[in-house]
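The block underneath contains the structure these notes are about, expressed in structure tokens.
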Amino acid sequence: MIKSIYRIIPLQFRRRAVWVAITIFVRALLNFVGVAMLVPILVLMLDAPSVAENRAFVQLGEWLNINDYQTLVIVICGIVVGIILIKNLLIMLLYRYERNFVFSTYKHLSRQLYLGYYAQGLSFINHNNSAHLVRNVNVVSLMFATGVLKPLASILGEVLLLVLIFTAVAIYSPVAALLAAVLFVVIALVYYMIVRRRLNDIGVRENEIQRRKSRIVNETFRGFADIEIGGAMPQMLSRFEEAMDEIVDLRQHHASIAMLPQAFIEVGLVAGMAIVVLLSAGGDQNMGLMFGIFAVAAIRLIPAIRNIMSLWSSLRYNRYTIDELLDVNIGDAAAMVERSEERMAFNRAIELRDISFKYDDAEKSTIDNLSLRIAYGERLGIRGASGVGKTTLFNLILGLYKPTSGEIVVDDVVVDDTNVRKWQNSIGYVSQSVFLSDSTLAENIALGVDPDEIDYDHVNEVVELADLRSFVDTLKDGVHSHIGEQGSRISGGQRQRIGIARALYKQCDVLLFDEATSSLDGQTEENINTAIRRLSDANRALTIVVIAHRETSLEYCDRIITLE
């Protein structure tokens with residue numbers, strides 16, 4: 001497991017992990033000092049006459065020029081309190097460093113998962129459940145940091161403290177140390193054998209159920225209209241409640257297991273003290289002090305061992321996150337987010353040369369040896385029956401899919417991983433369902449541009465060109481109005497016009513329409529087509545490629561091809 005955790009921790013964090021290990025060791029030493037400071041208090045309580053004869057106490061009194069016994073006792077108590085106060089302040093600072101490491105790791109992992117999934121492209125995203133991906137980005141990475149890394153660091157600190165305490169007790173009283181070691185080792189082994197497999201199984205099972213619950217909630221909200229009209233909400237609620245019941249049962253089971261360390265340790269403590277009492281019944285004068293030493297050690301041993309057992313439970317419970325993260329290629333995807341405005345030159349033609357494409361889980365190619373030339377400024381229409389690969393063809397032109405064979409060439413330059421971003425900067429795209437974020441109309445038109453960098457004069461220009469002015473005039477705040485999540489407050493025709501306005505704001509060289517009017521009524525479709533025709537007539541340098549089922553949507557095209 002340690003090797004797996006090491007593989008997950010990002011390379012740039014591993015050096016910091018060494019410093020974290022050092023802080024853990026220092027923290028263990030400070031905690032040991034805190035325990036050791038209780039010994040003088042114990043001696044004062046149980047063996048006060050020895051204070052006057054103890055060499056360390058005598059030298060302390062001479063150094064401080066204190067001859068009065070009561071004053072010396074007060075000073076010793078004050079020193080102990082002061083040392084413990086400083087110790088706790090230092091521990092807080094060290095713990096803060098460890099905590100920063102843990103949450104910085106979470107931040108990095110979550111970011112890399114987010115970018116890593118995005119980098120795998122449209123095909124990967126379409127073939128994976130979004131609830132699963134979202135949970136990994138938002139929850140699994142956090143649980144790895146707080147439920148695996150943090151407990152592991154704390155366990156290491158507590159183990160170091162136990163070693164120091166047992167060593168010190170063994171030097172003073174081997175019998176007490178042996179007794180404590182035997183009792184607590186037996187307790188830990190019994191606990192480990194009881195809960196080892198159960199905790200891991202509970203964690204894996206809950207992760208699966210949480211995914212299912214997230215999927216149910218997502219589907220309910222995304223498909224509200226169909227669920228409401230179809231009367232499917234009782235079924236969705238039943239599935240939701242079933243998942244919740246399973247989660248509650250697992251949590252209750254985990255809570256019961258979490259109570260075991262306290263019970264085990266209390267039994268061990270009582271048993272240990274009973275053995276010390278029996279030994280002292282023999283009349284040994286040192287047994288009273290040994291009992292006190294055992295009690296002082298137990299003050300810190302008990303919470304330390306309880307913490308180790310509880311933290312180990314948490315680690316086992318969240319172990320599934322290790323497997324989840326190992327399954328993801330968490331590389332350095334920082335370069336992906338570098339913004340680039342550079343465009344690929346386009347003055348002659350887009351050529352598809354013997355293009356073929358096959359999905360990973362398909363038996364045959366969706367597109368097979370297709371060659372096509374789209375001239376600069378051409379208005380090309382593409383039609384064909386459903387399933388012949390029209391949208392797949394668009395995704396290839398857009399650079400969202402990579403051809404299985406063949407190549408896409410723009411002005412004799414092959415589009416590949418080194419220049420696909422430049423090519424995409426030249427393209428505008430209006431899909432069947434235009435993506436809209438929960439932000440203002442202007443931010444949706446200028447998608448990807450920081451709000452404080454939006455050119456509002458240009459926004460208003462493209463609003464006119466996309467025939468959106470009448471709609472904007474109905475909004476209280478104009479282009480500054482929020483349009484709701486996924487454009488929930490606007491019609492289908494307005495959504496498509498926003499997609500057109502977005503492409504115009506981008507000042508694209510190529511504009512692709514993927515059945516952009518297929519879900520609209522006849523009049524709205526005609527209005528959109530009129531707007532596209534007007535746009536094309538006003539800018540004959542703009543290359544337009546349109547996918548449509550109906551001939552009326554392709555009337556303004558210079559050329560129409562049919563995919564079979």
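The overall shape of the stretch 349-562 is prolate: from the C-alpha gyration tensor, with semi-axes ordered a ≥ b ≥ c, the ratio a/c is 1.5 or greater and a/b exceeds b/c.
A full extension of the chain between residue 75 and residue 414 corresponds to an added length of 113.7 nm, given 0.36 nm per residue minus the alpha carbon distance.
What is the antiparallel percent of DSSP beta bridges lying wholly in the stretch 349-562, to the nearest 5? Roughly 45 percent of the DSSP beta bridges within the stretch 349-562 come out antiparallel. Between the amide H of residue 546 and those of 380, 381, 382, 513, distances stay under 5 Å, these residues lying 5 or more places away or on another chain, with hydrogens modeled in the peptide plane.
Taking 22 Å as the straight-line reach from the Cα of residue 358, the lysines in range (excluding those fewer than 8 positions away in the same chain) are 390, 402. The distance separating the Cα centre of the stretch 1-39 from that of the stretch 79-102 comes to 14 Å.
Here, each number is a calculation from the coordinates, and none is a lab measurement. Predicted model only: the values in this text are computed from it and were never measured.
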